[in-house]
Number of protein chains: 4
Amino acid sequence: MNVAVVGATGYGSGELVRILSRHPHVKIHSLVSSSRAGERLGTVFPHLAHLEHTLEEWNVDKLAKQVDVVFFAAPAGVSSEWLPPLAEEGVVAIDLAGDFRLEPEVYQQWYGQNPPPTAWLNQAQYGLSEWNAEAIAQADVIANPGCYPTAALLALLPLVQAGALEATPLVIDGKSGISGAGRGLKLGSLFGEVEGNVFSYKVGKHQHTPEMERILALWGKESHRVIFTPQIVPMSRGILVTGYGKLRQGWSEKDLRDCWKAAYEQAPFIRLLEEDRWPRTKEVRGSNFCDLQLHVDHRTGHVVLAAAIDNLVKGAAGQAVQNLNLRMGWPETAGLTMDPLFP
Amino acid sequence: MNVAVVGATGYGSGELVRILSRHPHVKIHSLVSSSRAGERLGTVFPHLAHLEHTLEEWNVDKLAKQVDVVFFAAPAGVSSEWLPPLAEEGVVAIDLAGDFRLEPEVYQQWYGQNPPPTAWLNQAQYGLSEWNAEAIAQADVIANPGCYPTAALLALLPLVQAGALEATPLVIDGKSGISGAGRGLKLGSLFGEVEGNVFSYKVGKHQHTPEMERILALWGKESHRVIFTPQIVPMSRGILVTGYGKLRQGWSEKDLRDCWKAAYEQAPFIRLLEEDRWPRTKEVRGSNFCDLQLHVDHRTGHVVLAAAIDNLVKGAAGQAVQNLNLRMGWPETAGLTMDPLFP
Amino acid sequence: MNVAVVGATGYGSGELVRILSRHPHVKIHSLVSSSRAGERLGTVFPHLAHLEHTLEEWNVDKLAKQVDVVFFAAPAGVSSEWLPPLAEEGVVAIDLAGDFRLEPEVYQQWYGQNPPPTAWLNQAQYGLSEWNAEAIAQADVIANPGCYPTAALLALLPLVQAGALEATPLVIDGKSGISGAGRGLKLGSLFGEVEGNVFSYKVGKHQHTPEMERILALWGKESHRVIFTPQIVPMSRGILVTGYGKLRQGWSEKDLRDCWKAAYEQAPFIRLLEEDRWPRTKEVRGSNFCDLQLHVDHRTGHVVLAAAIDNLVKGAAGQAVQNLNLRMGWPETAGLTMDPLFP
Amino acid sequence: MNVAVVGATGYGSGELVRILSRHPHVKIHSLVSSSRAGERLGTVFPHLAHLEHTLEEWNVDKLAKQVDVVFFAAPAGVSSEWLPPLAEEGVVAIDLAGDFRLEPEVYQQWYGQNPPPTAWLNQAQYGLSEWNAEAIAQADVIANPGCYPTAALLALLPLVQAGALEATPLVIDGKSGISGAGRGLKLGSLFGEVEGNVFSYKVGKHQHTPEMERILALWGKESHRVIFTPQIVPMSRGILVTGYGKLRQGWSEKDLRDCWKAAYEQAPFIRLLEEDRWPRTKEVRGSNFCDLQLHVDHRTGHVVLAAAIDNLVKGAAGQAVQNLNLRMGWPETAGLTMDPLFP
């Protein structure tokens, strides 16, 4: 099966190429980058210099004829424009940007950009693999989830769906490595600015907020406002999400654990940690795992949750390939068996 | 004025020596370390090898005769035993451990150790410099605050005192460099384990929880439960605390900012950042500053607060010296004018 | 094929398990750790908690009966004692420590320990895969090279063998991540001590010095003294070796590159970088690659070489598996196709 | 005394402001930045937001009238043009760039830029404080040394001057934090590219090479070629230089140490470490110290040297202030008493 990656110069694309090039059922046919077309992959990603690829111009006709699946790993706005013509031609599209994740007016409000055509937006399935496998298996457009929502929703959905949490606002405190900010040249991404530093950003304004709220309402069957504060921590990869919610009367820690167990019994990438062992981003680094833990604070009647993922793998490229597997009926773990890299 | 530092081999003590050795009104008379008595300071702290000190045994009689002030920078439990005999002799004691910060039964419960003698506990003043200057100026025993409570309380107290926050639990999500775990040999403090890693620890059990609650009730005049989750981030120094609380009806972001301004107009170490600029630990590194910012999230009626300090300076040694200054009637900034080290 | 790992709690062993557990022709039969026997692998290495293994006591009879290959990843001295009884029983042994790499008196001098029995020492083949494939294919004891020698020798051997370098001392300046120091509890391995720090250690005394000299003389056909200075840099993984040697009259940069090309044309893990692109440890992280570059400094008639490897992979576990592949006649890259993890 | 800093937005300038703002005899009168004139200092350097300064346009007339000393902390080429007019007016100029450090044709060759006017070049004194104090005390133009040369020359000069080293090429292997590359937006300075990475750059081409050679010949009284390879290591600050030279017959380790002792007996910023303790960049971080150590390798007859400095302090801003002190006849340590920040 021939696949293409569009927007092939960011950190997420590097991961897609790393994973796809070892995938047993896939051949990387094209890497598309309008800004660096003609350059060899190894110039952009020297760590992958042994893979012989050359970046290409965007050419919808060629792609439509020659590839079966296209991954869009470009900034928000690109897939709104470029994805529909390809999808028209029957190419399966997996979008790693936010364009197809939200209601159009919400997208416009939080992203400040025009939403994609409604017809295609309506086709799109939200690609949280563990929660939407059946629909993904049929979908022609898959909206791969954001990195923070992936971690937060995997932890929260089983509890919200079970009705364990009061319908008060949930606090989601995120900590991310800087690769989430991309490979673009920004002062705030320089080593000197990130090293030895922790700081919040986009407080009250991060576009992943409505994504979490939408899916909680849709699949959790209960509306929760989310107060989401992302932070940059001095590392390249990884997200830790700490979540706080008020428990409904009568729910015990064991009940909550049982919800998780029931939800993830068959999920190869979800690891429910032993009690007292809390998720660490380095223990999932480079892998598609999501590690989960929770604690009920009896003094306050709240649950404290933690979820760790590699933002570039389960939070982006890895889940995109997991969705490809679901879409194609391959084993869910095909091409995704790499273990975490530690230390 | 002659001072001594007891427990002189930890990271906090290194900072005490760094600061005190340049303090205009102070002479370091003794550095006490029972485990490494007889060694030169430069053996323990090579970065201070140019300072000529030798570590000494604990000798209460000698200290009582020769020094005016003793800083206790030893693990919890030591000052409970060693501080009272010195204080009896009229030596001013500043304790950087938790022994004198809590009600005895609460101390016992959260620290798992016997509390100090009640008589001396009752003498102790909580050394949050900006909030207790008058009492500190008279105190013979000063309980220097914990690192997380320093950051959290400086942000919260003006708002709680003004009655801006509903009496629901406050969420305090802390992010700390690993120096807070001390210089002891633990697997979890190895570079290979901390680098590229973020993780929660002591969830629901951290001993700084009751410290925050006590002071909020005492000085904020309103009881709040605190849900406190500390996290280790891969850096040596610095704490960022993100706080979440529900606003009472009618409070605006401007009102909250006015509370902060009123509280800290004269405070030389509190920097209220311009709107939209969020505290970064690296911008206070090595200094005694505490940087503050807040945001009112209208969607949820909550305030999100952030406070950044250097855990070893404003969160430990720096504030201890600030308290010494208050106690002695010196300028509050004496010996504390070092600017942050960036990058 | 059943394999065992002895000394299964260090960082190098973690890598062995990571690689072997995905190897197409291998089954991990036993993980031996006398200090932590009975514990689950996930307790020691939480990142591998999904692999179901329990650490076992050392039991030579059981191993001799049940496994085909044993990897020794224990501190120097262990394999000298434990390896021979297993080898007697026909088990193939791959030793990652230094015991079988040196002449006995040199080992004694640089390691300060008794050398292994001479009979078995004489059996051992030095496992620099690219340079000794034929002998490795027959060997029953394989002495896996040290991390620094792997990088240095891969760069130097083609040039020394060709007679390009004068027989003056070679300067080898090494830079290593801290994982090379192991997972033991040492002050110098704490995050606070390593972060933001670079320093030399074991200057003039590092045990990899005679290992480089021996192999240069043996396979390079010319004796060179090596002046080797290792440095710790603040990262977990990776080694960069910078080498300096005086060129013999008449040798050009192109000649040297041709030596490298001839030596490594068929070597799947050696990447000769384009001119002006210098090896970076992060571009080989987690992989079995060795990246090489050189420059002839016409002002001084010297060549400057650089080699980058992941010290835990090509410098330890990866090369050990590469040697297993050579020994078993499997494809050299079996189980070693993981690409570098970047960023 | 009024001073100005020209080029006030780089990391080195941030350090100049940090140091000068606490200097007992100095008032910062102007901070000049053509690119960001009109902005507040705190916008460029939030860590210094408490200092009330606004960046200004370059105005030679105003500066000439109002300030006594100007520090040039701009990229190479700027001071060649801007410094002479100010110096004409009697303003003392301290240049942190390379313009005034080399013979004109060598500057042209290595920097690829036109050298400054010869008249002023001839006035310039090389500001290696410990080696040129008398001339600096009279100089109107001080060429502050490069960061690598500062470390390398402080280690080498006493030995070269004593004739201890054979006149063969010296190997200088440098390791620097990324702040040496400035605060400009370059892919290679991003956190994701620097973290977990070590790599050489400008091999055989670094402009500090002729600077070392010139001063060794001038003050060491013996010509040595230098083979200099700089490396970036994943930290913000600090330089470690490892040097290798061949000893002349008859020189012992003790002789070399005696050379160092004689040279630096009165030098307040040079710390000769105890035997077996090797310089660590973190033990000088934020301070003006240079830590030195050496070892004679009897196997090869070479000396191995190491020098650690903070590249932004002793390697730039700190030494510039030290030179100011020498020029003004103030105590050499005025404004430079800050101890290293550890951990």
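The values are calculated or read from the model by the stated rules, or taken from the named source; none is laboratory data. Just so we're clear, the structure is a prediction, and the values are computed from it rather than from any experiment. Cβ atoms come from the backbone with ideal geometry, glycine included; neighbour counts cover every protein chain shown. Note: areas computed on protein heavy atoms with side chains; ligands, DNA, RNA excluded. Shrake-Rupley method; radii C 1.70, N 1.55, O 1.52, S 1.80 Å.
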- Note on the structure: Result of the Cβ filter at 8 Å on the stretch B:3-20, keeping first residues that are more than 16 Å from B:Gly98 (Cα to Cα) and partners that are at pLDDT 95 or above and among the acidic types (Asp, Glu), at least 6 apart or interchain, is B:Val3/B:Asp68; B:Arg18/D:Asp339
- Is it the case that the stretch C:271-278 has a residue that's in contact with a strand residue (DSSP E or B) (Cβ under 8 Å, 6 or more places away or on another chain), modelled with pLDDT of 95 or more, in a strand (DSSP E or B) and not acidic (Asp, Glu)? yes
- Message: So the check is Cβ under 9 Å with 6+ separation or different chains; which pairs have a first residue in the stretch A:137-161 that's over 23 Å from A:Glu253 (Cα atoms) and a second one that's among the basic types (Lys, Arg) and assigned to a strand (DSSP E or B)?
- Response: none
- Going through (1) assigned to a strand (DSSP E or B); (2) more than 8 Å from chain A (Cβ to nearest Cβ); (3) surrounded by fewer than 24 Cβ atoms within 10 Å (Cβ to Cβ); (4) touching a Gly at 6+ places or on another chain (Cβ under 7 Å) one by one, B:Leu294 fails only at (4)
- Residues located in the stretch D:48-86, provided they are open to solvent by 20 Å² or more (accessible area, probe 1.4 Å) and not in a loop (DSSP other than H, G, I, E, B): D:Thr54, D:Glu56, D:Val60, D:Asp61, D:Lys62, D:Ala64, D:Lys65, D:Gln66, D:Val78, D:Glu81, D:Trp82, D:Pro85
- How many residues are under 20 Å from the mean Cα position of the chain (by Cα) and open to solvent by less than 40 Å² (accessible area, probe 1.4 Å) if we restrict to the stretch A:87-103? 11
- Which number in (1) open to solvent by 20 Å² or more (accessible area, probe 1.4 Å); (2) more than 25 Å from B:Ala334 (Cβ to Cβ); (3) within 11 Å of chain B (Cβ to nearest Cβ) marks the one condition that D:Tyr11 misses? (1)
- Item | Residue count for the stretch A:298-313, restricted to those that are open to solvent by 10 Å² or more (accessible area, probe 1.4 Å) and not in a loop (DSSP other than H, G, I, E, B) | 1
- Working only within the stretch C:170-210, note down all residues that are free of Cβ contacts under 8 Å to residues at least 12 places away in the same chain, surrounded by 20 or more Cβ atoms within 10 Å (Cβ to Cβ) and within 22 Å of C:Leu96 (Cα to Cα). C:Ser189
- Kindly check whether there is at least one residue in the stretch B:240-254 that is in contact with a strand residue (DSSP E or B) (Cβ under 9 Å, 6 or more places away or on another chain), assigned by TED's automatic domain parsing to the domain that holds B:Gly188, among the aromatic types (Phe, Trp, Tyr) and farther than 28 Å from A:Val194 by Cβ. yes
- Message: Looking at the stretch D:211-236 only, could you name the residues that are of a type in the set (Gly, Ala, Ser) and either within 18 Å of C:Arg280 (Cα to Cα) or surrounded by 18 or more Cβ atoms within 10 Å (Cβ to Cβ) (or both)?
- Response: D:Gly220, D:Ser236
- Task: Considering only the stretch A:269-282, state which residues are facing chain B (nearest Cβ under 10 Å) and open to solvent by 10 Å² or more (accessible area, probe 1.4 Å).
- Result: A:Asp276, A:Arg277, A:Trp278, A:Arg280
- Answer with yes or no whether C:Arg271 is more than 21 Å from the chain's Cα centre (by Cα) and either not polar (S, T, N, Q) or not assigned by TED's automatic domain parsing to the domain that holds C:Val160 (or both). no
- Item | Residues that are farther than 30 Å from C:Ala267 by Cα and in contact with a Lys or Arg (Cβ under 6 Å, 6 or more places away or on another chain), drawn from the stretch A:41-91 | none
- Just give me the residues in the stretch A:133-150 being within 11 Å of A:Leu326 (Cα to Cα) and open to solvent by 20 Å² or more (accessible area, probe 1.4 Å), in sequence order. A:Ala133, A:Glu134, A:Ala135, A:Ala137, A:Gln138
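This table checks each residue for (1) hydroxyl-bearing (Ser, Thr, Tyr); (2) in the same structural domain as A:Arg183 (by TED's automatic domain parsing); (3) touching a strand residue (DSSP E or B) at 6+ places or on another chain (Cβ under 9 Å).
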position: A:Gly38; (1), (2), (3): no, no, yes
position: A:Lys65; (1), (2), (3): no, no, no
position: A:Ser79; (1), (2), (3): yes, no, yes
position: A:Leu86; (1), (2), (3): no, no, yes
- Task: Answer with yes or no whether A:Ile215 is β-branched (Val, Ile, Thr), farther than 27 Å from B:Pro230 by Cβ and more than 7 Å from every other protein chain (Cβ to nearest Cβ).
- Result: yes
- Query: Has the stretch D:315-330 got at least one residue that is part of a loop (DSSP other than H, G, I, E, B), touching a residue at least 12 places away in the same chain (Cβ under 8 Å) and either open to solvent by 10 Å² or more (accessible area, probe 1.4 Å) or closer than 21 Å to B:Phe45 by Cα (or both)?
  - Reply: yes
- For B:Ala262: the one exception among (1) assigned to a loop (DSSP other than H, G, I, E, B); (2) touching a Pro at 6+ places or on another chain (Cβ under 8 Å); (3) assigned by TED's automatic domain parsing to the domain that holds B:Thr168; (4) not β-branched (Val, Ile, Thr): (1)
- Note on the structure: Within the stretch D:23-42, restricting to residues that are out of contact with any Leu (no Cβ under 7 Å at 6 or more places or on another chain) and of a type in the set (Lys, Arg), the one that is least open to solvent (accessible area, probe 1.4 Å) is D:Arg40
- With respect to D:Ala167, determine if the residue is open to solvent by 10 Å² or more (accessible area, probe 1.4 Å), at pLDDT below 95 and outside the structural domain of D:Glu103 (by TED's automatic domain parsing). yes
- Message: Given the condition within 14 Å of chain C (Cβ to nearest Cβ) and over 21 Å from A:Gly329 (Cα atoms), answer yes or no: does some residue in the stretch A:25-33 qualify?
- Response: no
- Item | Extreme residue, farthest from A:Ser200 (Cα to Cα), among residues of the stretch B:239-268 that are open to solvent by less than 10 Å² (accessible area, probe 1.4 Å) and within 14 Å of chain A (Cβ to nearest Cβ) | B:Leu256
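Quick one: which helices (runs of 4 or more DSSP H) sit completely within the stretch D:129-213 and have at least 3 residues that are among the hydrophobic types (A, V, I, L, M, F, W, C)?
Because the criterion is at least 3 residues that are among the hydrophobic types (A, V, I, L, M, F, W, C), the helices (runs of 4 or more DSSP H) in the stretch D:129-213 that meet it are D:133-138, D:147-161.
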- Message: Exactly one condition in (1) under 30 Å from C:Gly196 (Cα atoms); (2) touching a residue at least 24 places away in the same chain (Cβ under 8 Å); (3) not β-branched (Val, Ile, Thr) is false for D:Glu222; which is it?
- Response: (1)
